[in-house]
1. Taking the options A:91, A:117, name whichever one is surrounded by 15 or more Cβ atoms within 10 Å (Cβ to Cβ), in contact (Cβ under 8 Å) with a residue 24 or more places away in the chain, in a helix (DSSP H, G or I) and out of contact with any strand residue (DSSP E or B) (no Cβ under 6 Å at 6 or more places or on another chain).
2. Would you check which residues across segment C:99-119 are more than 13 Å from every other protein chain (Cβ to nearest Cβ) and closer than 22 Å to residue A:187 by Cβ and list them?
3. State yes or no: is residue B:55 under 23 Å from residue B:14 (Cα atoms), more than 16 Å from ligand 2 (Cβ to nearest atom) and in contact with a strand residue (DSSP E or B) (Cβ under 7 Å, 6 or more places away or on another chain)?
4. Looking at (1) outside any loop (DSSP other than H, G, I, E, B); (2) within 24 Å of residue C:137 (Cα to Cα); (3) free of Cβ contacts under 8 Å to residues at least 12 places away in the same chain, which one does residue B:116 not meet, given that it meets all the others?
5. Considering only residues that are part of a helix (DSSP H, G or I) and more than 8 Å from chain C (Cβ to nearest Cβ), which ones fall in segment A:54-73?
6. Please give the number of the condition residue B:174 fails out of (1) in contact (Cβ under 8 Å) with a residue 40 or more places away in the chain; (2) part of a loop (DSSP other than H, G, I, E, B); (3) within 16 Å of ligand 1 (Cβ to nearest atom); (4) more than 14 Å from every other protein chain (Cβ to nearest Cβ).
7. Which of the numbered conditions does residue C:167 fail, given that it passes all the others? Conditions: (1) under 18 Å from the mean Cα position of the chain (by Cα); (2) assigned to a helix (DSSP H, G or I).
Ligand SMILES: Nc1ncnc2c1ncn2[C@@H]1O[C@H](COP(=O)(O)OP(=O)(O)OP(=O)(O)O)[C@@H](O)[C@H]1O
Ligand SMILES: [Mg+2]
């Protein structure tokens, strides 16, 4: 099999990889925002509940989570497609991480921001939406971009629940013809081509946000 | 502690230094006898820090010589290290080691460089902590102290090595106003004991009271060098005049 | 079919008996990833062509999925006559993969030490060795303890990937039960819960240890 055929084969899986990533974001972004803000704003038992939900999605091993939901949801009478289950599990897992970034970003803001808002007589929700969140989200944007890369990489797991993404295609090809070196190195390279520009973009954003980083390293 | 020998402490001849194409120090000549107190001042970016960092080898330079006592820096690594060991340095932002207690900050070099036994090092360190008037803070960590206290620890840490020469780079400019005095008091005390001191500072009250020479730098050169009396009453260089003017008004 | 709680409970002992394998893989990979990561960071700092290569390697690793790396090693090494077995291949894979992340942790830990620390050490006459051991290293450890702990938990959560290579750790054991009994949901759920508990327990333990080791002045 020629290297071109290998690449064409892997490329056929790109659509699924991209779709799972996209649908994953549909779960990840609202979850990260809502639960991050909720963890920031709540106290006592409410906060405990919020934290528990976040920790469930964040601290579970995502590969097991995927299998559990893939096999257990039908027993609960929920027959979701493999695509939906995958997007949900991968999305909420990354969303769990994102919520921590949202919360940390909010907590890192100068208290003076909130107090200035209060002094102007703004409501709590206006302060949150117009003053705190915009600053926190901008400050944490390099982290979110990193988490997007984590999501793209995690989509390789969907090959284990029969979705034909790039990894699935590569495995298929290698079953047709035993030639692992070009097939799997092409697969690695394919993910690199997708993820690396995102990583570079993240670094650019990071530099935009913290422009004057003094050279201060000791050794 | 007190040295009364009248030998030269520092001699700088034709010192030139570049950062790439940028000429930071231009033909600097300076002679500092033992026991004298020199205050270096000048506008920001004029090369004051660079100059005193050249005196203990923190910065390399391209031309000229720096002689500490009888040792020319750079001639011989061993001797340079020895000469450097006789120089204490106090930084603008203290640079205490945050992971070590105040006492360990003071004893680290005594034990590792001079190989002093622990008990001896600790009693010496406590002696100097007493001298800077914070013996009771010995077991705290730097982060638990105020800025003024941290800077006094930094002075004690440098004194522990029994230096012949103390370098200060704007030791009070990172401090809140109410803490400046406690640090200057310690420095004045040192001067009165006869310590040779070179001090970059904009504390003109201190300069007037303690210095016996004032060196004014501008754009990498020493443009004026005079006794405090002369410097404050009749500065000759126009940059010095305008500098004093903005500082005093 | 319904979720059978009694059956789920009956799988617990068997799945738990594989916890030793999971912990072994995690421990070896943590040590391996730290050692390799530290080495990589030292080479990267030293500059030169080696440094440039390592810089690219770290970027490459971070832009590619761990699952694909495991496939690569598992299928490509034997192709060149290197037969290590699934367990060793898996541990090498996790070590290599996470070394890219730990190198970044070491980098950040060293970069965060202010330049003045090295200058103060030199001004006191400390030699390079003493400076590294007594001034730089302790501060680096303090800076890296928390992120390193997080990556150790990530490595733990990545151990079930080795089930894909048929390493008999907990997820692998759960799948064995599943294929024997044709019931997937129960053993997988049990494995998921055990992993969740383990991850939470170990991150808690690491946090405790950090506080214990670094004391109240830990930043
Ligand atoms: N590592 C460096 N590389 C390039 N230029 C430098 C470097 N360090 C200092 N400079 C430049 O050298 C000049 C002198 O710096 P120096 O720190 O000695 O000034 P200074 O008189 O101490 O100023 P300040 O009062 O602000 O401390 C400045 O213009 C500075 O920008
Ligand atoms: Mg300066």
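Read-outs: derived from the displayed coordinates by stated rules, not from any lab. Here the structure is a predicted model, which is why all the values come from computation and not from measurement. Cβ placement follows ideal geometry from the backbone for every residue including glycine, while neighbour counts extend to all protein chains displayed.
1. Details: A:117 fails: in contact (Cβ under 8 Å) with a residue 24 or more places away in the chain.
Exactly one of A:91, A:117 is surrounded by 15 or more Cβ atoms within 10 Å (Cβ to Cβ), in contact (Cβ under 8 Å) with a residue 24 or more places away in the chain, in a helix (DSSP H, G or I) and out of contact with any strand residue (DSSP E or B) (no Cβ under 6 Å at 6 or more places or on another chain), namely A:91.
2. Of the residues in segment C:99-119, the ones more than 13 Å from every other protein chain (Cβ to nearest Cβ) are C:99, C:102-103, C:105.
The one that is more than 13 Å from every other protein chain (Cβ to nearest Cβ) and closer than 22 Å to residue A:187 by Cβ: C:99.
3. Working: under 23 Å from residue B:14 (Cα atoms): yes; more than 16 Å from ligand 2 (Cβ to nearest atom): no; in contact with a strand residue (DSSP E or B) (Cβ under 7 Å, 6 or more places away or on another chain): yes.
Considered against the rule, which asks whether it is under 23 Å from residue B:14 (Cα atoms), more than 16 Å from ligand 2 (Cβ to nearest atom) and in contact with a strand residue (DSSP E or B) (Cβ under 7 Å, 6 or more places away or on another chain), residue B:55 comes out as no.
4. (1)
5. Within segment A:54-73, the subset part of a helix (DSSP H, G or I) is A:54-59, A:62-72.
Selection gives A:54, A:57, A:58, A:66, A:69, A:70.
6. Going through (1) in contact (Cβ under 8 Å) with a residue 40 or more places away in the chain; (2) part of a loop (DSSP other than H, G, I, E, B); (3) within 16 Å of ligand 1 (Cβ to nearest atom); (4) more than 14 Å from every other protein chain (Cβ to nearest Cβ) one by one, residue B:174 breaks only (4).
7. Only one criterion in (1) under 18 Å from the mean Cα position of the chain (by Cα); (2) assigned to a helix (DSSP H, G or I) is unmet by residue C:167, namely (2).
Listed here are the residues, each with its yes/no results for (1) within 23 Å of residue A:26 (Cα to Cα); (2) under 18 Å from the mean Cα position of the chain (by Cα).
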| site | (1), (2) |
| --- | --- |
| A:138 | yes, yes |
| A:150 | yes, yes |
| A:155 | yes, yes |
| A:158 | yes, yes |
| A:165 | yes, yes |
| A:170 | no, no |
| A:197 | yes, yes |
| A:200 | no, yes |
| A:204 | no, no |
